[in-house]
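Working notes, beginning with the structure itself.
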């Protein structure tokens, strides 16, 4: 290569206009701060590298520029051997990913993982970009770990055999004593009739729950439950029948609670429930509603069918009290208020919470029936090719046409659907609708339909099975379905994400990483994901024409190096569009390029 670049020289950045000096500085900043080695070669010579690459090979950046490629290989033969592997791959426009021994300037060698991609598969003169990691320590650590593990397993097996006999003798000796101590502790802390915790244990667990809520700045709810007209059962059928009812009620209450919750029998027909670390007061209202429903179901006692209802009072930390005694007392007061207004209901200690919980519970009840009543709608927003402006795909967007509230946007009900688990049913319905529409609009035209997966859907073990069923039932080719999952969801548990994405790719659908750049972006994690596309978050798109161009350009460049297509989301102005096209984005989506429309309207232009 004839042209040479050094760290002190201006490097022109393709796609920038107006402020070349600023663009140059931003471009250098991206390379300078990268935690992986990045280098560019042309005509088998180094034309540019970042500090991490030079440091890895113990060269100064300016010394390495212009050097032939073989200076970082143990021998000319090694260099040519890699070239024989790399040239067909790079020439075909594919990505090279190999582990290879390389050489530092001082002659020492190390094992590296190298990822390479031709800048232009059709023009070899434009050179190649290389991403390099030193994996010597990783390999050595793995070998050492395996050797240590083998030695440890042998030692553990020998010691285990010695201890097994001694342990069996010891367990036999202390078994009786432990059982006796366990029985004594249980009787001291639990109700003899129902086996539930008693007041002593309740106060201890409630105090712990309040300390945890204070530390995590969350709420804890206390529910005081009293059975309506329970005395009449004792008077009519006797105390033995009353005991049967109390046992049955306690069993039904336990089934409505989480493992972390506590339920206590205070005495007689009174129970107290502690719900630690709830997100909002309405969560307690949901539990109370379930308790009212389940306890009200008929009992059969001594051949007679009985019905009994509970009255429930609720207090919430910290608004209704900051200690166990105050919260129990206020929940008790709220319970008496529930009895005063007719029994068989729940009441919060404060009216404001009553109203808020009632509103959310009403919305939840409506949402449970929305699909059955045909109130859910799917709109479709076009995704256009950045170069030609032609529609390349459609994204399916969920809407709720409420009979009295009108059109409800997803922001007002998706979180509720996530909290209650209804998102799984809504998501399955939406996927089926989108696939049916996609079969009509996509077949013969090659227009995919994109469907966003929520975090709860993505973590559902039956996701791949559900997607395959929807494709089979509607006849939509897998290649015409694009599933989008947000970057935070994927990065939260990489092992799980890799397993799920591989299953989806195995079905043949396209996978896009949505909202990229909204939270944190892991380039090392990104290259491991079996994805096809990146969707740049609208927060970055909003600033792309106001100084954020370098960030978007860096994301696009690295995405293309990893063979990923890039879609910019939330495009609303011509200035944003021009900047995104200049950055090399493949697709654009937003109000500027196309508004969401109902299924019929979105289909008309293709009829």
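Quick rundown of the values:
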item: Residue satisfying condition, being surrounded by fewer than 17 Cβ atoms within 10 Å (Cβ to Cβ) and either in the same structural domain as residue 512 (by TED's automatic domain parsing) or at pLDDT 90 or above (or both), within set 434, 417, 411; result: 411
item: The lone exception for residue 570 - which of (1) surrounded by fewer than 20 Cβ atoms within 10 Å (Cβ to Cβ); (2) in contact (Cβ under 8 Å) with a residue 60 or more places away in the chain; (3) in contact with a strand residue (DSSP E or B) (Cβ under 9 Å, 6 or more places away or on another chain) it fails; result: (2)
item: Residue match in the stretch 297-310 (condition: without any contact (Cβ under 8 Å) to a residue 60 or more places away in the chain, surrounded by fewer than 22 Cβ atoms within 10 Å (Cβ to Cβ) and within 26 Å of residue 205 (Cβ to Cβ)); result: no
item: First in the stretch 269-285 and on the phi > 0 side of the Ramachandran plot, second anywhere and surrounded by fewer than 21 Cβ atoms within 10 Å (Cβ to Cβ), Cβ under 7 Å, 6 or more apart; result: 277/212; 277/213; 277/216; 277/218
item: Qualifying position, being farther than 25 Å from residue 97 by Cα and at pLDDT below 90, among 470, 518, 497; result: 518
item: Residues that are within 15 Å of residue 120 (Cα to Cα) and part of a helix (DSSP H, G or I), drawn from the stretch 557-579; result: 557, 558, 559, 560, 561
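Yes or no, residue by residue, for (1) farther than 30 Å from residue 265 by Cβ; (2) assigned by TED's automatic domain parsing to the domain that holds residue 101; (3) out of contact with any helix residue (DSSP H, G or I) (no Cβ under 8 Å at 6 or more places or on another chain); (4) at pLDDT below 80:
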{"position": "121", "(1), (2), (3), (4)": "yes, yes, no, yes"}
{"position": "152", "(1), (2), (3), (4)": "yes, no, yes, no"}
{"position": "155", "(1), (2), (3), (4)": "yes, no, yes, yes"}
{"position": "167", "(1), (2), (3), (4)": "yes, no, yes, yes"}
{"position": "172", "(1), (2), (3), (4)": "yes, no, yes, yes"}
{"position": "180", "(1), (2), (3), (4)": "no, no, yes, yes"}
{"position": "183", "(1), (2), (3), (4)": "no, no, yes, yes"}
{"position": "186", "(1), (2), (3), (4)": "no, no, yes, yes"}
{"position": "207", "(1), (2), (3), (4)": "no, no, no, no"}
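The values are calculated or read from the model by the stated rules, or taken from the named source; none is laboratory data. Please read all numbers here as calculations on a predicted model, not as lab measurements. Cβ: placed from backbone, ideal geometry, glycine included. Neighbour counts: every protein chain shown.
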